Amino acid sequence: MSFIDHLEALRWHIIRSAIAIVVFTTAAFLAKDFLFHDLILGPSRGDFWTYRAFCEFGRWIGADALCIGKPTFDLQNRQMSGQLTMHISSSFVVGLAMAFPYTFWEIWRFVKPGLYPHEQANSRGAVFFVSVLFILGLMFGYFIAAPLSINFLASYQLDASIENQIDLQSYISTLTTMSLSCAFVFELPMIVFFLAKAGLITPEIMRLYRKHAIVVILIVAAIITPPDISAQIIVTIPILLLYELSINIARVVARGRTASLNAQLAANDGVSQ
């Protein structure tokens, strides 16, 4: 294919991805009651699933401190077009998240023909695992990281006379930032997989720099969570587990590369003899 043909193919992949995003965005916009009352405003109410689950777990282990109460704040809109603007922007963010698996599939369809057959074989299932990790990270961010952050920030007071009247835009920004940050952080195993396939990273390097990685993970957890040690620990633990999983993935890839090289050397020796 010529350069122009590649651009034409890329254009249609982008168009189909954009159509998918528009479709999901429109669906989210039309489902306003579910989008805001159940999905976006859910963590602002005391009956949210996460708060109830923590309370039940706390009662089960005899730790009442884990029972999280209703966040103490009132949401307000201070701009004439604020609610309409947030309706449109929130629908777009939800549509973008819902269309991510299809969008990645379109990008992969464009990239895949340019790979060698063995590269295509090595990356089989990439769309599935990227999508699954993205969804898991999004759910972790929405059900765990975001509610804990919102609850902590809403309950933090300098003085009892100061009321928390949170702007709607600030609340939604916190919710989406936490959820999407976790969604992309959970892609760490797939990033390591492709880097290991390219020979740019090895399990030995990851083990050697494990202490440095832990420091980086703690910094990342501190950035995407409020200054609450419990929330930071809850976010740090799965990222550390993902890092250890990535080491095992890199080890499996390295074994496969070694076996492939040994087979190739054996074949070359057989031909030379």
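The values are calculated or read from the model by the stated rules, or taken from the named source; none is laboratory data. Everything quoted here is computed from the prediction, not taken from an experiment. Note that each Cβ is placed from the backbone with ideal geometry, even for glycine, and that neighbours are counted across all protein chains shown. Heavy atoms of the whole protein, side chains included, go into the accessibility calculation; ligands, DNA and RNA do not. Shrake-Rupley method; radii C 1.70, N 1.55, O 1.52, S 1.80 Å.
With point charges of +1 on the Cβ of Lys and Arg and -1 on the Cβ of Asp and Glu, referenced to the Cα centre of the chain, which listed residue (LEU168, LEU115, PHE128) lies farthest in the positive direction of the dipole?
Checking the options against the dipole of the chain, the answer is LEU115.
Which of the peptides 10-17, 140-147, 180-187 is most tightly packed, and how do the rest follow, judged by the mean count of other Cβ atoms within 10 Å per residue?
Values: 10-17: 14.0, 140-147: 23.5, 180-187: 20.5.
Per-residue Cβ counts within 10 Å, averaged per peptide and sorted highest first, yield 140-147, 180-187, 10-17.
For the stretch 1-111, what is the charge dipole size about the Cα centre, in debye to the nearest 20, if Lys and Arg each add +1 at the Cβ and Asp and Glu each add -1 at the Cβ?
Values: 9 positive and 9 negative charges, 21 e Å.
Around 100 debye, computed over the stretch 1-111.
With charges set only on the Cβ (+1 for Lys and Arg, -1 for Asp and Glu), what does the dipole of the chain come to about its Cα centre, in debye to the nearest 20? Write down the numbers at each step before the final one.
Working: 18 positive and 18 negative charges, 147 e Å.
Dipole of the chain, to the nearest 20 debye: 700 debye.
Take each uninterrupted DSSP H stretch in the chain, measure its Cα extent along the helix axis, and return the ones at 24 Å or beyond whose mean Kyte-Doolittle hydropathy is at least 0.0.
Numbers: long enough: 3-30 (40 Å, 1.22); 82-111 (40 Å, 0.79); 168-185 (26 Å, 1.06); 229-272 (63 Å, 0.85).
In the chain, the long hydrophobic H runs are 3-30, 82-111, 168-185, 229-272.
Multiply the residue separation of THR177 and LEU39 by 0.36 nm, subtract the distance between their alpha-carbon atoms, and state the gained length in nm to one decimal. Write down the numbers at each step before the final one.
On the way: separation 138, 0.36 × 138 = 49.68 nm, distance 1.48 nm.
That pair, THR177 and LEU39, stretches by 48.2 nm at full extension.
Choose one of THR225, LEU180, MET86: the residue whose Cα lies farthest towards the positive end of the charge dipole of the chain (beta-carbon charges +1 Lys, Arg; -1 Asp, Glu; about the Cα centre).
LEU180
Assuming R0 = 41 Å, what is the FRET efficiency of ILE191 and GLN76, from their Cβ-Cβ distance, to the nearest 0.05? Before the final figure, lay out each step's value.
On the way: r = 40 Å, r/R0 = 0.97.
With R0 = 41 Å, the Cβ-Cβ based efficiency is 0.55.
Heavy atoms only, probe 1.4 angstrom, no DNA, RNA or ligands counted: give me SER173, SER123 ranked by accessible area, highest first.
Values: SER173 60, SER123 10 Å².
Accessible-area ranking of SER173, SER123, largest first: SER173, SER123.
How do LEU158, LEU188, LEU208 rank by accessible surface area computed with a 1.4 Å probe, from largest to smallest?
On the way: LEU158 145, LEU188 45, LEU208 120 Å².
Listed by decreasing accessible area, they come as LEU158, LEU208, LEU188.
For the chain, which cysteines have no second Cys with its Cβ under 4.7 Å from theirs?
CYS182, each lacking another Cys Cβ under 4.7 Å.
With each run of n ≥ 4 DSSP H residues scored as -39500 (n - 2.57), what mean residue ellipticity at 222 nm is computed for the chain after dividing by its residue count and rounding to the nearest 500 deg cm²/dmol? Write out the running numbers ahead of the final one.
On the way: 11 runs with 195 residues, N = 273.
Here the helix-only value at 222 nm equals -24000 deg cm²/dmol.
Would you mind working out the magnitude of the charge dipole of the stretch 144-233 relative to its Cα centre, with +1 at each Lys and Arg C-beta and -1 at each Asp and Glu C-beta, to the nearest 20 Debye? Each step should come with its number before you reach the end.
On the way: 4 positive and 6 negative charges, 125 e Å.
I would put it at about 600 debye.
State the extension gain, in nm to one decimal, for the chain segment bounded by THR85 and ILE162, taking 0.36 nm per residue of separation less the distance between their alpha-carbons.
Working: separation 77, 0.36 × 77 = 27.72 nm, distance 2.83 nm.
Extending this stretch completely gives an extra 24.9 nm.
List the residues whose amide H sits under 5 Å from the amide H of ILE68, counting only those 5 or more places along or on another chain, with H placed 1.01 Å from N in the peptide plane.
Counting only residues 5 or more places away or on other chains, the set is CYS55.
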